[in-house]
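The values are calculated or read from the model by the stated rules, or taken from the named source; none is laboratory data. No experiment lies behind these values; they were computed from the predicted model shown. Reconstructed Cβ throughout: ideal geometry from the backbone, glycine too, with neighbour counts over all protein chains shown.
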C-alpha cells in the first residue's frame, strides 16, 4: 500500500504546484471606472441576483479576455456575409468583432475613437454589450447569472451582471456601468455600412479553433442557438415565445421593454406605453427610444428612414431620447426583466393589435 | 517494492499486456483530448502556431489549462496544452493498466479473482469533463438544464477519475497472483 500513498502524495503535490503557478493577470491599474448617473430598473433585489449566481465551470479569467486586440482591414477578413459580428462605431472609427472569435473570449478590452470600452458577448444569452472601462480592464468571472456572463473589473474585482450592467458584489455593488450601444448584425450588413471598418484579428494572443463555435452555429443557425431550452437555472421563465427568439430590449431607470425582432422587421415601427422601436434595415437591428406616454407619430418611409413631426430621420436619429438597445434571446431578457412591456401577439390573422401591456 | 508493484511489473513483462496498455492508453488519450475540445473539427489550412510557453500554467477550468501550440489541418485543429496532455496521459496510463488487469481477470481467472469491469468504468468520469467555454460539453449534447450542485460535481470529475482508477487498479492487483500469469 506504500506505493499507493507515495503516488497519491506526488499527484497532490503536483496539482498544488500547478495551481500555484496559474497566475492571474491585471493588477495595479487606475481604479476609475465610468458609471451611469442612474441605474436601470431592476425587477429583483440586488442581493437576490448575487445569491443566484452560480459557477459556469471556468475560474476567473479561465475564459481569457482579449486585452491587446489586433485589427485587420475589412478586405483581409476571412468572413462570410452571413457570419455574425458585433459592431461598434464611435467618432469616425468602426470596429467589427467576429462572433466566432468572441465566443472563445467573451470580452475585448478595446479603444475605439478615443473611448476605452469593454466589448462583451455572452454566447448563452446572445447578448453583445459595450461598457466604458476607463483605465481598467474587464475579465470573465466564470460565474453565470440566468445563463448570462458575469464580468469583473480587474482593479477591484467587483462582479457585474452583463445584461443589467449592475454591480453584484464588491466595491461597485449596485452601481451601474456606463453602457454604449453595440450592434449585433452580420458581416454583410456591417461591411456595407462601414466599408472602412477594422476587424478583430485571430491574432488574439491565445490559441483557439476560431473556425468552430462550441455551442452551435449562426450561419446556418444550429445547435444551442436554435434549440428550445436553456442550460442553467433562471430566476424567471415564460413560454410566451421560443426561448431562443431574438428580442431587442431597452431599459430606463423606471421601466423596461422588449420587441420581438422578427415582428419589428415586419412592422418596422412598434411601441408600448413608454418605449418606441424602429427597425434599421441597413444593419438589420432595432433602435429603441423612450417616449414616456407622448405617443409620437412615427411612420416608415419604406427606405430605412422614418417620418416624424414633418421631418425625415434615420432609424438611429429620431428626435427622441435614444436608449441603449440590447438584442438577446427572449428567455434571457425575461429572466432579468419579467415585468418588461411588450407588444402582444396579433389576436386575428391579418390584424395586428399594438397593445401596450402594463407590467404584470 | 510492494507486492502490488511487483505484480504490475510481472504483468507488464508480457508483451501482449504492454501492447494492450499502450494501445488502449493511446485511444483514451485521443478521446480525452476530443472531450476537452483540444482536438476539434474545423480548420482552414495547414498552419502551426505557438505562443508564450508560460501560458501553459493558466487554467481554463478546474484542472484544464491553456494550449501553447496549435496545429491546424484542413478540417481539423489540434491544440497542444502540455498540462492537459500530461493529465490525459496519466489517466490514459491508469486506464491502460486497468484494462490489462481486467483482461487478465477475464482470460486467466485462476491468476486473478477480480473478474469485473470496475476498472474500465472508473475511466468514464474524466471523459465527461470536457468543457465548452462555460458549460460542460455533455450538457450541450444532452440539452439538459443543470444545477449548481451538478456544476460542482462536474468540476471534480477529472481528479475523481484518477482516484477511482488508482483504487480499482490497487484492488485488482491485490487479487492477482503473478506466479500464475502466462502469455
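Condition (residue is in contact with a helix residue (DSSP H, G or I) (Cβ under 9 Å, 6 or more places away or on another chain) and either at pLDDT 95 or above or at the interface with chain B (Cβ under 9 Å from one of its Cβ atoms) (or both)) applied to the stretch A:68-76: is it met by at least one residue? Taking every residue of the stretch A:68-76 in turn, at least one turns out to be in contact with a helix residue (DSSP H, G or I) (Cβ under 9 Å, 6 or more places away or on another chain) and either at pLDDT 95 or above or at the interface with chain B (Cβ under 9 Å from one of its Cβ atoms) (or both).
Which is within 12 Å of chain B (Cβ to nearest Cβ), surrounded by fewer than 20 Cβ atoms within 10 Å (Cβ to Cβ) and on the phi > 0 side of the Ramachandran plot, of A:216, A:170?
A:216
Test residue B:122 against the stated conditions and say whether it is more than 14 Å from chain A (Cβ to nearest Cβ), over 20 Å from residue B:160 (Cα atoms), modelled with pLDDT under 80 and surrounded by fewer than 24 Cβ atoms within 10 Å (Cβ to Cβ). Considered against the rule, which asks whether it is more than 14 Å from chain A (Cβ to nearest Cβ), over 20 Å from residue B:160 (Cα atoms), modelled with pLDDT under 80 and surrounded by fewer than 24 Cβ atoms within 10 Å (Cβ to Cβ), residue B:122 comes out as no. Is there a residue being away from chain B (no Cβ under 14 Å), surrounded by fewer than 24 Cβ atoms within 10 Å (Cβ to Cβ) and in a strand (DSSP E or B) anywhere in the stretch A:127-147? Yes, the stretch A:127-147 has at least one match. Residue A:106 meets each of the listed conditions (1) touching a residue at least 60 places away in the same chain (Cβ under 8 Å); (2) within 23 Å of residue A:231 (Cα to Cα) apart from (1).
Scanning the stretch B:148-159 for residues that are surrounded by 15 or more Cβ atoms within 10 Å (Cβ to Cβ) and in contact (Cβ under 8 Å) with a residue 24 or more places away in the chain yields a total of 5. Residues that are surrounded by fewer than 21 Cβ atoms within 10 Å (Cβ to Cβ) and within 11 Å of chain B (Cβ to nearest Cβ) occur at least once in the stretch A:186-204. Against the list (1) at the interface with chain B (Cβ under 10 Å from one of its Cβ atoms); (2) modelled with pLDDT under 90; (3) more than 20 Å from the chain's Cα centre (by Cα), the condition residue A:59 fails is (2).
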